[in-house]
Amino acid sequence: MQNMVILGATGSIGASTLSVIATNPDKFCVYALVANSSVEKMHALCVTHQPVYAHMVNQQAAVKLKASLPAWCKTIVTTSEQDLIGLVTSQEVHTVMAAIVGAAGLVSTFAAVKAGKRVLLANKEALVMSGELFMHTAKTSGATILPVDSEHNAIFQCMPEAVQANLGYCDIAAEGISHILLTGSGGPFLTADLASFPHMSPEQACNHPNWSMGRKISVDSASMMNKGLEYIEARWLFNTRPEQLKVVIHPQSVIHSMVQYKDGSVIAQMGNPDMRTPIAHCMSYPQRISAGVEPLDFFKVGQLSFFEADFNRFPCLKLAIDACKQGQESTTVLNAANEIAVEAFLQGRIKFTDIAIINEQCLVSVSPASLNSIEDIIRLDGEARTQAMLAIKTLA
Ligand code: NAD
Ligand code: MG
């Protein structure tokens, strides 16, 4: 029985994780659920899953949740950052699902890594912000990092055991790998008229053709910043050099990514676009469990197509690849600027095309910084956020 903490329990990945747990109640136990402020959703989850702890980051939400739970529900409600760190590092806990969206997930995810937990990593932003420190800390603490992001989970599955066992530090060329092919659907605007991009609404951007996800990652998918963040995520997880990593547009989202070997073989991982598959893989690795996902029907899929990404259409993808080559300062700044810009777009304060403009403006002024601790990274993240907010004001 694995005791699990789910960070971001009320979100899309949180729901898929709880669904996999419900399919395998003999193997997993919900120890703690963590969310920001959605009291109603958390109330329903507590009543259904009866975790030992429910943690709400927002204090008012914690008070409301506590008052709303029925007397028979013994869940303990907590809210301080210290409580949260206590939960993820608790000796009772074996596995932490890291699925808070954005930089808000860094501190708790990092604490789980430092405590040597088995960390199922959905929160890609944590790795984009702190990649080197994150992987180094996992190596020294003995934490196991398992990639939940469907592409990275696919790549992981297509890798030889030697790479899986030494994530972040393996020489993939020495294992016979020539390229990692990171696939992406191209999102809802893959074929939209470029002239319509400035007028795209948040609802249009969040209307992904294949995946149902939270709003931030949905906008990132429309701009293909998501693929850019994933490029950086892959760089750290698989210790790649830029020439080893290629982005391939594959609109059907049936192949979730591929690994190309020097003998000409290409190994692909396939399945229906349903996050319960990579989540179940991470939860049970190296075994396999049922995820509750429909088997892939190749006769329904029919055709698979592939083409190159157009940087003119998706400038955010290019910004992220360039930032990755520049280093940690640039990727931390880009992540922060993008979070601020996406939020402003979702609130109707800037145009869709402004996201790339804000990101680029913040990247241009990146200067070298020594990033040796999480505190250093949080400081740079904060500075980039302030700069992005100023850039938004100048736009408007
Ligand atoms: P979501 O918006 O549906 O859920 C976000 C969760 O984070 C919620 O539970 C929310 O309460 C919590 N949260 C937000 N701010 C918080 C804060 N300050 N402190 C604590 N908790 C906070 O997002 P999602 O789609 O589930 O994505 C979660 C993460 O997983 C993101 O990093 C995303 O990139 C990654 N991911 C998601 C998918 C997907 O299919 N949804 C796929 C791959 C990777
Ligand atoms: Mg992904």
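What the table below lists for this structure:
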item: Shape call, the chain: gyration tensor on alpha carbons, a/c limit 1.5; result: rounded
item: Residue-by-residue Karplus 3J(HN,Hα) for region 335-352, coefficients 6.51, -1.76, 1.60, Hz, glycine and proline x; result: 4, 5, 4, 5, 4, 5, 5, 5, 4, 5, 5, 5, 8, x, 8, 9, 7, 4
item: Full-extension gain in nm, I289 to R379, via 0.36 nm per residue minus C-alpha separation; result: 28.3 nm
item: Under 16 Å from K66, Cα to Cα: aspartates and glutamates that are on another chain or at least 8 residues apart; result: E40, D83
item: Rounded to the nearest 10 Å², the accessible area of D297 at probe 1.4 Å; result: 60 Å²
item: Surrounding net charge for R118, when Lys and Arg each add one and Asp and Glu each subtract one, Cβ distance under 15 Å; result: +3
item: Heavy-atom accessible area per residue - the chain, 1.4 Å, Å²; result: 43 Å²
item: 24 Å Cα-Cα threshold exceeded, pairs from K41/K300; K318/K351; K124/K325; result: K41/K300
item: Karplus 3J(HN,Hα) series, Hz, for region 48-64 with 6.51 cos²θ - 1.76 cosθ + 1.60 (x for Gly, Pro); result: 6, 9, 6, x, 5, 10, 10, 10, 10, 5, 6, 5, 4, 5, 5, 4, 5
item: F311/S68 FRET efficiency (R0 56 Å; Cβ-Cβ; nearest 0.05); result: 0.70
item: Relative contact order [Cα under 8 Å, 6+ residues apart], the chain, whole percent; result: 15 percent
item: Stretch gain in nm, segment S201-E243, where the contour uses 0.36 nm per residue and the Cα spacing is subtracted; result: 11.6 nm
item: Sites matching GluC sites (Glu not before Pro) across region 307-342 that sit in DSSP coil, with at most 10 neighbouring C-beta atoms within 10 Å; result: E308
item: Solvent exposure ordering (accessible area, 1.4 Å, most first) of R241, R276; result: R241, R276
item: Distance violations [Cα-Cα > 27 Å] among K117/K246; K27/K117; K27/K216; K27/K114; K64/K227; result: K117/K246; K27/K216; K64/K227
item: Global form of region 304-396, assessed from the alpha-carbon gyration tensor, a/c cut-off 1.5; result: oblate
item: Accessible carbon and sulfur surface of region 1-146 relative to its total accessible area, %, 1.4 Å; result: 53 percent
item: Percent carbon-and-sulfur accessible area, region 161-326, ignoring ligands, DNA and RNA, probe 1.4 Å; result: 52 percent
item: Model label zone, V107; criterion: amide N under 16 Å from point 7 Å along Cα-to-beta-carbon; scope region 350-384; result: 373-383
item: Rounded if a/c under 1.5, otherwise prolate or oblate - region 2-147, Cα gyration tensor axes; result: prolate
item: Inter-probe distance in nm under a simple model that places probes 7 Å from Cα toward Cβ, at Y261 and E40; result: 5.2 nm
item: Q164-K27 pseudo-label distance in nm [points 7 Å out on the Cα-to-Cβ vector]; result: 1.3 nm
item: Table column - 3J(HN,Hα) (Hz), region 18-32, Karplus curve with 6.51, -1.76, 1.60, x for Gly and Pro; result: 5, 5, 5, 4, 5, 6, 10, x, 7, 10, 10, 10, 7, 7, 8
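The values are calculated or read from the model by the stated rules, or taken from the named source; none is laboratory data. Being a predicted model, the structure only gives us computed values, none of them experimental. Counting neighbours? That spans all protein chains shown, and the Cβs are built from the backbone with ideal geometry, glycine included. SASA here: full protein model, heavy atoms, side chains in, ligands and nucleic acids out. Shrake-Rupley method; radii C 1.70, N 1.55, O 1.52, S 1.80 Å.
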